[in-house]
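Chemist: Take a look at this one; I'll ask things after.
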Amino acid sequence: MADFGSILLWVIFPYAMMLSFIFGTIVRFVWFRAGITAVSSEMLEKRKLMIGSLVFHVGIILAFFGHVLGILIPKSWTEFFGISNEMYHLFGSLMMGTGAGLLALAGMMILTYRRFTNARVFVTSSWTDLVVDVALLITIILGLASTLSGPLFPKFDYRETLSVWARQLFYLSPNWHLMSGVPVIYKLHVICGFLIFGFFPYTRLVHALTLPWQYIFRRYIVYRRKPKAD
(Lines give C-alpha, C1' and ligand atoms only; values in the text may rest on other atoms or scores of the structure.)
Protein backbone atom coordinates (compact mmCIF):
# COMPACT_ATOMS: atom_id res chain seq x y z
CA MET A 1 0.00 0.00 0.00
CA ALA A 2 2.87 2.36 0.82
CA ASP A 3 4.44 1.60 -2.57
CA PHE A 4 1.17 2.45 -4.33
CA GLY A 5 1.03 5.81 -2.52
CA SER A 6 4.60 6.60 -3.55
CA ILE A 7 3.92 5.59 -7.17
CA LEU A 8 0.78 7.74 -7.14
CA LEU A 9 2.66 10.78 -5.83
CA TRP A 10 5.94 10.52 -7.71
CA VAL A 11 4.94 8.87 -10.99
CA ILE A 12 1.23 9.27 -11.78
CA PHE A 13 0.67 12.70 -10.20
CA PRO A 14 3.53 14.54 -11.99
CA TYR A 15 2.48 13.21 -15.40
CA ALA A 16 -1.17 14.07 -14.70
CA MET A 17 -0.17 17.67 -13.95
CA MET A 18 2.05 17.80 -17.06
CA LEU A 19 -0.77 16.53 -19.28
CA SER A 20 -3.15 19.00 -17.68
CA PHE A 21 -0.71 21.81 -18.46
CA ILE A 22 -0.17 20.74 -22.09
CA PHE A 23 -3.78 20.00 -23.05
CA GLY A 24 -5.17 22.84 -20.95
CA THR A 25 -2.85 25.31 -22.67
CA ILE A 26 -3.78 24.00 -26.12
CA VAL A 27 -7.52 24.25 -25.37
CA ARG A 28 -7.14 27.72 -23.87
CA PHE A 29 -5.16 29.09 -26.83
CA VAL A 30 -7.21 27.43 -29.57
CA TRP A 31 -10.78 27.86 -28.29
CA PHE A 32 -10.60 30.46 -25.51
CA ARG A 33 -7.74 32.73 -26.58
CA ALA A 34 -9.84 35.88 -26.16
CA GLY A 35 -10.06 35.18 -22.44
CA ILE A 36 -6.28 35.13 -21.94
CA THR A 37 -5.51 38.32 -20.08
CA ALA A 38 -3.87 39.49 -16.88
CA VAL A 39 -7.10 41.35 -16.00
CA SER A 40 -5.22 44.27 -14.51
CA SER A 41 -6.71 46.01 -11.49
CA GLU A 42 -4.33 48.95 -11.77
CA MET A 43 -7.18 51.47 -11.88
CA LEU A 44 -8.41 50.22 -8.50
CA GLU A 45 -5.06 50.46 -6.72
CA LYS A 46 -1.71 51.18 -8.35
CA ARG A 47 1.10 51.69 -5.83
CA LYS A 48 1.10 48.26 -4.13
CA LEU A 49 0.43 46.56 -7.48
CA MET A 50 3.46 48.13 -9.16
CA ILE A 51 5.84 47.48 -6.27
CA GLY A 52 4.61 43.95 -5.53
CA SER A 53 4.43 42.93 -9.18
CA LEU A 54 7.94 44.17 -9.98
CA VAL A 55 9.56 42.54 -6.95
CA PHE A 56 7.63 39.29 -7.43
CA HIS A 57 8.42 38.95 -11.14
CA VAL A 58 12.14 39.59 -10.64
CA GLY A 59 12.29 37.04 -7.82
CA ILE A 60 10.19 34.37 -9.51
CA ILE A 61 12.14 34.61 -12.79
CA LEU A 62 15.44 34.20 -10.93
CA ALA A 63 13.98 31.32 -8.91
CA PHE A 64 12.67 29.65 -12.07
CA PHE A 65 16.05 29.65 -13.79
CA GLY A 66 17.65 28.52 -10.54
CA HIS A 67 15.30 25.53 -10.46
CA VAL A 68 16.03 24.76 -14.11
CA LEU A 69 19.80 24.82 -13.54
CA GLY A 70 19.54 22.84 -10.32
CA ILE A 71 17.45 20.12 -11.95
CA LEU A 72 18.80 19.90 -15.49
CA ILE A 73 22.53 20.22 -14.77
CA PRO A 74 23.86 16.96 -13.27
CA LYS A 75 26.22 17.07 -10.33
CA SER A 76 29.00 15.49 -12.43
CA TRP A 77 28.96 18.46 -14.82
CA THR A 78 29.68 21.08 -12.15
CA GLU A 79 32.33 18.86 -10.59
CA PHE A 80 33.97 18.52 -14.02
CA PHE A 81 34.40 22.31 -14.13
CA GLY A 82 35.93 22.35 -10.66
CA ILE A 83 32.84 23.51 -8.77
CA SER A 84 32.74 21.60 -5.52
CA ASN A 85 29.49 20.49 -3.93
CA GLU A 86 30.06 22.86 -0.99
CA MET A 87 30.68 25.82 -3.31
CA TYR A 88 27.59 25.01 -5.39
CA HIS A 89 25.31 24.82 -2.37
CA LEU A 90 26.79 27.94 -0.72
CA PHE A 91 26.72 30.31 -3.69
CA GLY A 92 24.17 28.74 -6.00
CA SER A 93 21.57 27.26 -3.71
CA LEU A 94 21.87 29.10 -0.40
CA MET A 95 22.89 32.63 -1.43
CA MET A 96 21.29 33.04 -4.86
CA GLY A 97 18.34 30.78 -4.11
CA THR A 98 17.59 32.57 -0.85
CA GLY A 99 17.86 35.98 -2.51
CA ALA A 100 15.49 35.03 -5.30
CA GLY A 101 13.10 33.40 -2.84
CA LEU A 102 13.01 36.44 -0.58
CA LEU A 103 12.27 38.74 -3.52
CA ALA A 104 9.47 36.47 -4.74
CA LEU A 105 8.09 36.15 -1.20
CA ALA A 106 8.14 39.89 -0.55
CA GLY A 107 6.40 40.62 -3.84
CA MET A 108 3.79 37.90 -3.33
CA MET A 109 3.06 39.06 0.21
CA ILE A 110 2.41 42.59 -1.05
CA LEU A 111 0.15 41.34 -3.85
CA THR A 112 -1.75 38.93 -1.58
CA TYR A 113 -2.20 41.57 1.12
CA ARG A 114 -3.46 43.99 -1.53
CA ARG A 115 -5.96 41.51 -2.97
CA PHE A 116 -7.44 40.49 0.39
CA THR A 117 -7.48 43.88 2.13
CA ASN A 118 -8.46 46.25 -0.66
CA ALA A 119 -12.24 45.98 -0.87
CA ARG A 120 -12.51 46.99 -4.52
CA VAL A 121 -9.73 44.63 -5.64
CA PHE A 122 -11.18 41.77 -3.56
CA VAL A 123 -14.71 42.17 -4.93
CA THR A 124 -13.49 42.19 -8.55
CA SER A 125 -11.28 39.10 -8.01
CA SER A 126 -12.45 35.67 -9.09
CA TRP A 127 -12.13 32.66 -6.81
CA THR A 128 -9.24 31.41 -8.95
CA ASP A 129 -7.40 34.70 -8.36
CA LEU A 130 -7.67 34.23 -4.60
CA VAL A 131 -6.63 30.58 -4.74
CA VAL A 132 -3.67 31.31 -7.04
CA ASP A 133 -2.36 34.06 -4.75
CA VAL A 134 -2.51 31.82 -1.67
CA ALA A 135 -1.07 28.82 -3.56
CA LEU A 136 1.87 30.84 -4.87
CA LEU A 137 2.52 32.26 -1.42
CA ILE A 138 2.52 28.79 0.17
CA THR A 139 4.74 27.33 -2.56
CA ILE A 140 7.28 30.15 -2.26
CA ILE A 141 7.39 29.79 1.53
CA LEU A 142 7.94 26.04 1.20
CA GLY A 143 10.69 26.57 -1.38
CA LEU A 144 12.45 29.14 0.78
CA ALA A 145 12.09 26.90 3.83
CA SER A 146 13.57 24.00 1.85
CA THR A 147 16.60 26.09 0.89
CA LEU A 148 17.20 27.38 4.41
CA SER A 149 16.64 23.97 6.02
CA GLY A 150 19.62 22.47 4.19
CA PRO A 151 21.88 22.48 7.29
CA LEU A 152 19.23 20.47 9.15
CA PHE A 153 19.69 17.60 6.69
CA PRO A 154 23.50 17.35 6.25
CA LYS A 155 23.32 13.89 4.67
CA PHE A 156 20.66 14.86 2.14
CA ASP A 157 21.75 16.01 -1.32
CA TYR A 158 18.85 16.91 -3.59
CA ARG A 159 21.16 16.74 -6.64
CA GLU A 160 21.56 13.00 -6.10
CA THR A 161 17.91 12.25 -5.39
CA LEU A 162 15.24 14.83 -6.21
CA SER A 163 17.03 16.30 -9.24
CA VAL A 164 17.76 12.86 -10.69
CA TRP A 165 14.10 11.87 -10.24
CA ALA A 166 12.96 15.11 -11.90
CA ARG A 167 15.21 14.53 -14.93
CA GLN A 168 13.95 10.96 -15.20
CA LEU A 169 10.42 12.31 -15.66
CA PHE A 170 11.54 13.61 -19.05
CA TYR A 171 12.96 10.17 -19.89
CA LEU A 172 9.58 8.60 -18.99
CA SER A 173 11.27 6.37 -16.42
CA PRO A 174 11.09 8.05 -12.99
CA ASN A 175 12.51 6.03 -10.13
CA TRP A 176 10.11 6.82 -7.30
CA HIS A 177 12.44 5.16 -4.80
CA LEU A 178 14.71 8.22 -5.06
CA MET A 179 12.03 10.29 -3.33
CA SER A 180 11.78 8.03 -0.30
CA GLY A 181 14.64 9.74 1.55
CA VAL A 182 13.71 13.29 0.57
CA PRO A 183 12.71 15.49 3.56
CA VAL A 184 9.01 16.28 3.88
CA ILE A 185 9.51 20.02 3.34
CA TYR A 186 11.00 19.33 -0.11
CA LYS A 187 8.21 16.91 -0.98
CA LEU A 188 5.54 19.46 -0.06
CA HIS A 189 7.27 22.07 -2.21
CA VAL A 190 7.35 19.68 -5.18
CA ILE A 191 3.68 18.73 -4.77
CA CYS A 192 2.55 22.37 -4.55
CA GLY A 193 4.70 23.27 -7.54
CA PHE A 194 3.15 20.56 -9.69
CA LEU A 195 -0.36 21.57 -8.58
CA ILE A 196 0.25 25.14 -9.74
CA PHE A 197 1.77 23.79 -12.95
CA GLY A 198 -1.27 21.60 -13.60
CA PHE A 199 -3.83 24.35 -12.99
CA PHE A 200 -1.74 27.02 -14.72
CA PRO A 201 -3.77 27.07 -17.99
CA TYR A 202 -7.08 27.55 -16.19
CA THR A 203 -6.08 30.72 -14.34
CA ARG A 204 -4.90 34.18 -15.29
CA LEU A 205 -1.32 32.90 -14.93
CA VAL A 206 -1.59 31.65 -18.50
CA HIS A 207 -1.00 35.21 -19.71
CA ALA A 208 2.70 34.60 -18.98
CA LEU A 209 2.81 32.42 -22.13
CA THR A 210 1.57 35.21 -24.39
CA LEU A 211 4.84 36.80 -25.42
CA PRO A 212 4.42 39.89 -27.65
CA TRP A 213 6.31 38.48 -30.65
CA GLN A 214 4.57 40.96 -32.97
CA TYR A 215 6.60 43.78 -31.49
CA ILE A 216 9.81 42.14 -32.70
CA PHE A 217 8.70 41.88 -36.33
CA ARG A 218 6.56 44.99 -36.73
CA ARG A 219 7.78 47.99 -38.71
CA TYR A 220 9.38 50.90 -36.94
CA ILE A 221 7.10 53.70 -35.83
CA VAL A 222 8.48 57.11 -36.71
CA TYR A 223 7.52 59.98 -34.47
CA ARG A 224 7.90 63.52 -35.79
CA ARG A 225 7.96 66.62 -33.68
CA LYS A 226 5.06 68.91 -34.41
CA PRO A 227 6.45 72.12 -35.92
CA LYS A 228 5.87 75.26 -33.94
CA ALA A 229 3.56 77.81 -35.44
CA ASP A 230 5.22 81.07 -36.46
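Chemist: Can you pull the one-decimal nm distance between simple spin-label points at residue 87 and residue 54, each 7 Å off the Cα toward Cβ?
Modeler: 3.5 nm
Chemist: Grab the Cα-Cα distance for residue 207 and residue 80, subtract it from 0.36 nm times how many residues apart they are, and report the gain in nm with one decimal. Please list the in-between numbers first.
Modeler: On the way: separation 127, 0.36 × 127 = 45.72 nm, distance 3.92 nm.
Once the chain is fully extended between residue 207 and residue 80, it gains 41.8 nm.
Chemist: Under a 5 Å amide H to amide H cut-off, with H placed in plane at 1.01 Å, what residues pair with residue 153 once short-range neighbours are removed?
Modeler: Answer set, sorted by chain and number: none.
Chemist: So if R0 is 41 Å, what FRET efficiency would residue 175 and residue 30 give, r being the distance between their Cβ atoms, rounded to the nearest 0.05?
Modeler: With a Förster radius of 41 Å, E is 0.70.
Chemist: On full extension of the chain, what length is gained from residue 155 through residue 61, given 0.36 nm per residue of separation minus the C-alpha to C-alpha distance?
Modeler: 30.9 nm
Chemist: Kindly provide the trypsin sites (Lys or Arg not before Pro) of the range 86-163 that DSSP labels as loop, not H, G, I, E or B, and whose Cβ sees at most 13 other Cβ atoms within 10 Å.
Modeler: Numbers: sites: 114, 115, 120, 155, 159; in loops: 155, 159.
Of the trypsin sites (Lys or Arg not before Pro), the ones in loops of the range 86-163 whose Cβ has at most 13 other Cβ atoms within 10 Å are 155.
Chemist: Apply 1/(1 + (r/R0)^6) to the Cβ-Cβ distance of residue 13 and residue 131, taking R0 = 22 Å, and write down the FRET efficiency to the nearest 0.05. Working shown, then result.
Modeler: Numbers: r = 19 Å, r/R0 = 0.85.
According to the calculation, E is roughly 0.75.
Chemist: Starting at the first residue of the range 9-16, write each ³J(HN,Hα) from the Karplus equation 6.51 cos²θ - 1.76 cosθ + 1.60 with θ = phi - 60°, in whole Hz, x for Gly and Pro.
Modeler: For the range 9-16, the Karplus-derived couplings read 6, 10, 10, 6, 4, x, 5, 5 Hz, x marking Gly and Pro.
Chemist: Output ³J(HN,Hα) for the range 201-207: one whole-Hz value per residue in order, computed from phi by the Karplus curve 6.51 cos²θ - 1.76 cosθ + 1.60 with θ = phi - 60°, and x for Gly and Pro.
Modeler: Result, ordered by residue: x, 9, 10, 6, 4, 4, 5 Hz.
Chemist: Continuing with this model, one more query. Net charge around residue 129, counting only other residues with Cβ within less than 12 Å of its Cβ (Lys, Arg = +1; Asp, Glu = -1)?
Modeler: Working: positive: 114, 115, 204; negative: 133.
Once positives and negatives cancel, what remains is +2.
Chemist: Which whole-Hz couplings ³J(HN,Hα) result when phi for each residue of the range 52-68 is put into the Karplus expression 6.51 cos²θ - 1.76 cosθ + 1.60, θ = phi - 60°, listed in order with x for Gly and Pro?
Modeler: Those phi angles translate into x, 5, 5, 5, 5, 5, 4, x, 6, 5, 4, 5, 4, 5, x, 5, 4 Hz.
Chemist: How would 43, 18, 87, 96 line up by accessible area, probe 1.4 Å, largest first?
Modeler: Most to least solvent-accessible, the answer reads 43, 96, 87, 18.
Chemist: Determine, for each peptide in 140-153, 173-186, the mean count of other beta carbons within 10 angstrom over its residues, then list the peptides with the highest first.
Modeler: Averaged packing, sorted descending, gives the order 140-153, 173-186.
Chemist: What does the extension gain come out to for residue 123 and residue 197, with contour length at 0.36 nm per residue minus their alpha carbon separation? Before the final figure, lay out the partial values.
Modeler: Values: separation 74, 0.36 × 74 = 26.64 nm, distance 2.60 nm.
That works out to 24.0 nm of additional length.
Chemist: Related question: At a Förster radius of 35 Å, what calculated FRET efficiency corresponds to the Cβ-Cβ distance of residue 4 and residue 45, to the nearest 0.05?
Modeler: Efficiency, rounded to the nearest 0.05: 0.15.
The values are calculated or read from the model by the stated rules, or taken from the named source; none is laboratory data. In this text, all values refer to a predicted model and were calculated from it rather than measured experimentally. We place every Cβ from the backbone using ideal geometry, glycine too, and count neighbours over all the protein chains shown. The area values use the complete protein model at the heavy-atom level, side chains included, leaving out ligands, DNA and RNA. Shrake-Rupley method; radii C 1.70, N 1.55, O 1.52, S 1.80 Å.
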